[in-house]
Every structure is written in structure tokens, then in C-alpha cells.
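This report refers to the structure that appears directly beneath it.
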Amino acid sequence: MSTWANLGLQDSASPLMEQLIFFHDHALLILVMITVLVGYLMFMLFFNNYVNRFLLHGQLIEMIWTILPAIILLFIAFPSLRLLYLLDEINEPSVTLKSIGHQWYWSYEYSDFNNIEFDSYMIPTNELSTDGFRLLDVDNRIVLPMNSQIRILVTAADVIHSWTIPALGVKVDGTPGRLNQTNFFMNRPGLFYGQCSEICGANHSFMPIVIESVPTNYFIKWISN
Ligand code: CUA
């Protein structure tokens, strides 16, 4: 989860989030180079005395500063497309979790395992234990095995919600009447926090998501309990 003074992205807990961070850094690097170049050009234009009274057009330079930015954009477009298809790829999932957005809580169904289903409400501040995270902890956490492909099916019962977990690079809208799909692979154990990120009403801020990433044998123990 995000802690104090963390202005960047959260540490990744999945290969897809790692790729998203690489792409973010790549795009930011290009952005910085463009900003520095344009800033330098503007600065120099303000403080020089060169005047060409007979300058009407310059075909060559116009060609250069039209085609060059187009080529630079390709360096963002192709990695972006690669990432898009990478995120969309479903790779033989071993567990499927169905998550349904409600105003204002999430409910979950493990359809593979005897149809286990439960609601997941935020723990209110006055009921929070001393080691709990305010506005972020829930009464019933999702438990999922690490090191396995996990498929998430997202939908909603009333209005549009969004099932979002930054550390896993997952963000899928839950839309009434539709079933959206995504997948992820958790490469370490831990607690991964997320929040609804589609403005869904008065208590939009109060429907967090918590995943317990555990080793597979722990997961089997939990699911058979
Ligand atoms: Cu559900 Cu915002």
C-alpha cells in the first residue's frame, strides 16, 4: 500500500505492474527530454538579437519539426500498444474470483470452490484495531494464492464501480449488466490494498479492497475451511 510521502507508484507485486512502471518511466524520460529542449529553445529565443527581415518561409525546418515529433510519438505508441495487449492476455488461470460492486461494499464469489461467497465491508474508524489502516481495511478479506494466474470477473449490482489495486496493476470497471475480465499474478506474499475508483455515490471512498496474498497450501487450507 501507499505510505507517507509516497508520490510515485507503489512497489509492484505482479509482473504486469512492473511493466506498467517501466512504461511510465520510459514515457516520463521522453517527456523530460522534450520539456528541456523546448524550454531551452524558448529561453534562447527571448534573449537573442538575431533578426532576419527577409525570412518568409523555411520548408526544410518545417518538414523537420513536423516529422521529428511524429517519430518521437511512435516511441511511446508502440510500447503502449505492447503493454495494452500484455494486460489483456489471459494465461490459463487456476483460480477465478468474481467481484460484485454494490453501494457501498464489494461482494465476492469463489465459483470454483463450492460457490463460496461473502460481503466485504470497510471497517469504520471507531471499530478499527490499533494496527488497522483507516478507510482501507475490510472485515472480510479476499484470500488468493501467490505465484498463480488469477482471473477476476468484475460486475456491479447498482451503479458503476471500479475494482482497483495499484500494486497489482489492476483496474477494472464493474458495470451493471456487464461482466468484465482481467487477470494478474502475485509474485510475493503480503496484503495488497485497493479502493473503488469510479465515483459511485456518497460513500464511494469507503469501499476498499484487501487481498491477502498467501502461499498455495495456505490458500487451500483457507478455502477448505
Ligand atoms: Cu464504488 Cu466508487
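Throughout, read-outs are computed from the coordinates displayed, never taken from laboratory work. Predicted model, so just to flag it, every value in this text is computed and none were measured. Because the Cβ atoms are built from the backbone with ideal geometry, glycine has one as well, and the counts that use them run over all protein chains shown.
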### Task
Express in nm, to one decimal, how much length is gained between LEU191 and TRP222 on full extension, taking 0.36 nm for each residue of separation and deducting their alpha carbon distance.
9.6 nm
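How high is the FRET efficiency from PHE43 to SER2, r the C-beta distance, R0 30 Å, rounded to 0.05?
Efficiency, from the Cβ-Cβ distance: 0.25.
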### Query
If one takes the longest principal axis of the Cα atoms in the chain, at what angle in degrees, from 0 to 90 and to the nearest 10, does the Cα axis of helix 15-46 lie?
30
#### Entry: Per-bin percent of Cα-Cα distances, segment 15-88 [5 Å]
3, 12, 15, 17, 16, 11, 9, 7, 5, 3, 2, 0
### Message
Nearest 10 degrees is fine. How inclined is helix 59-88 to the longest principal axis of the chain, computing both from alpha carbons?
### Response
10
### Task
Just add up the charged neighbours of SER120: K/R +1, D/E -1, any other residue whose Cβ is under 14 Å from the Cβ of SER120.
-4
#### Entry: Chain lengthening between SER205 and GLN181 when straightened (0.36 nm per residue, less Cα-Cα)
6.3 nm
### Query
Using modelled amide H (1.01 Å from N, peptide plane; none on Pro or chain starts), what sits under 5 Å from the amide H of GLN195, excluding residues fewer than 5 places away?
THR164, ILE209
### Task
Would you mind computing, in nm to one decimal, how far apart the modelled labels at ASP158 and VAL51 are, each placed 7 Å from Cα along Cα→Cβ?
6.9
### Query
Dipole size in debye (nearest 20) for the chain around its Cα centre, Lys and Arg Cβ +1, Asp and Glu Cβ -1?
600
### Calculated P(r) of the chain - Cα pairs past 23 Å, %
58
### Task
Within 10 Å of each residue's Cβ, count the other Cβ atoms and sort LYS221, LYS171 from fewest upward.
LYS221, LYS171
